[in-house]
1. I need the full set of residues from the range 34-78 which are touching a residue at least 40 places away in the same chain (Cβ under 8 Å), of a type in the set (Val, Ile, Thr) and either farther than 19 Å from Ala97 by Cβ or touching a Gly at 6+ places or on another chain (Cβ under 9 Å) (or both), in order please.
2. Taking the residues in the range 179-212 that are of a type in the set (Ser, Thr, Tyr) and closer than 22 Å to Leu16 by Cα as candidates, determine which candidate is surrounded by the most Cβ atoms within 10 Å (Cβ to Cβ).
3. Within the range 58-66, identify whether any single residue is on the phi > 0 side of the Ramachandran plot, in contact with a helix residue (DSSP H, G or I) (Cβ under 7 Å, 6 or more places away or on another chain) and surrounded by 16 or more Cβ atoms within 10 Å (Cβ to Cβ), and answer yes or no.
4. Can you tell me which residues in the range 124-175 are surrounded by fewer than 18 Cβ atoms within 10 Å (Cβ to Cβ), in contact (Cβ under 8 Å) with a residue 24 or more places away in the chain, of a type in the set (D, E, K, R) and in a helix (DSSP H, G or I)?
5. Filter the range 176-205 down to the residues that are aliphatic (A, V, I, L, M) and part of a loop (DSSP other than H, G, I, E, B), then identify the one that is farthest from Ala130 (Cα to Cα).
6. Given the conditions (1) surrounded by 21 or more Cβ atoms within 10 Å (Cβ to Cβ); (2) not in a strand (DSSP E or B), report the number of the one that Gln15 does not fulfil.
7. Any residue at all in the range 226-237 that is surrounded by fewer than 16 Cβ atoms within 10 Å (Cβ to Cβ), in contact with a helix residue (DSSP H, G or I) (Cβ under 8 Å, 6 or more places away or on another chain), free of Cβ contacts under 8 Å to residues at least 60 places away in the same chain and part of a loop (DSSP other than H, G, I, E, B)?
8. Asp143 versus (1) touching a Lys or Arg at 6+ places or on another chain (Cβ under 7 Å); (2) under 25 Å from Leu16 (Cα atoms): which is the lone unmet condition?
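The values are calculated or read from the model by the stated rules, or taken from the named source; none is laboratory data. These numbers were taken from a predicted model, which means no experiment stands behind them. Here Cβ is always computed from backbone atoms with ideal geometry, including for glycine, and neighbour counts include all displayed protein chains.
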Amino acid sequence: MLIPSIDLMGGRVVQLVQGEKLALGFDDLEYWIDRFKAYPLVQLIDLDAAKRQGNNRPLLEQILRRLPCQVGGGIHRVEDARELLAAGARRVIFGSALFAPPEHSPAAPLQAPALNPKTWIRHDFAEQLAESFGTDCLVFSVDTKQNRVAVRGWQERIALRPEDAIAGLEPFCGAFLYTNVDTEGTMQGFPMEVARSLRRLTSRQLIVAGGIRQQSEIDELDAIHVDAVAGMAIYSGAMQA
């Protein structure tokens with residue numbers, strides 16, 4: 001399944017390269033809402049909130065009233081999720097809030113060969129979310145830079161591998177969203193070996209993003225029961241949606 005993305009920053013629809021460099025920006029939100037209305041699910045991300053640089057809440061709520069969305073970006077509290085679900089979100093995406101922030105985590109080098117995942121995963125918070133909402137409406141985001149989990153709008157990494165993050169969080173969510181930040185926005189193609197490896201780790205819905213450039217990749221992922229988020233390929237016109 002193809003899931004188109006709407007990323008918001010500064011009141012605009014944007015596409016970034018590796019979460020940093022602005023590549024494309026659009027002011028005509030109405031156009032993209034209309035273009036994506038036939039999809040069963042759209043991914044809606046508030047990049048400003050993710051980067052702790054304000055938020056785009058009025059636009060989020062406008063889109064949630066009109067499109068079936070899983071929404072993320074800067075969601076840190078149970079109350080955040082409750083508000084967004086009440087505003088019309090189908091599912092909410094939690095990312096950084098599931099992991100211990102770097103300054104409160106053990107001083108372990110990122111290259112350490114053996115790390116205790118329990119040190120980095122906030123199991124108590126994940127369990128609280130599942131108890132509050134059930135698992136079906138919860139998407140847990142495991143995003144990586146150089147095979148380590150990236151947090152705070154992908155600005156920092158912690159010494160946790162995606163495999164360990166997924167194993168520790170699986171009981172508490174209905175889906176995982178994995179973004180390969182190294183290829184995000186580059187249209188270099190998603191690393192299929194990563195998708196196959198992650199698919200073997202979990203029985204939950206698995207959604208991947210990062211570098212997808214053509215329909216054949218969507219088809220290949222679909223064949224192994226992995227769904228895909230596409231952004232740059234759609235907004236640049238390289239792939240029709």
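1. Within the range 34-78, Ile45, Ile63 qualify.
2. Only one residue tops the list, namely Thr179.
3. No.
4. Glu127, Glu163, Glu170, listed by residue number.
5. Checked the range 176-205; the qualifying residue farthest from Ala130 (Cα to Cα) is Met187.
6. It is condition (2) that Gln15 fails.
7. no
8. Among (1) touching a Lys or Arg at 6+ places or on another chain (Cβ under 7 Å); (2) under 25 Å from Leu16 (Cα atoms), Asp143 violates only (1).
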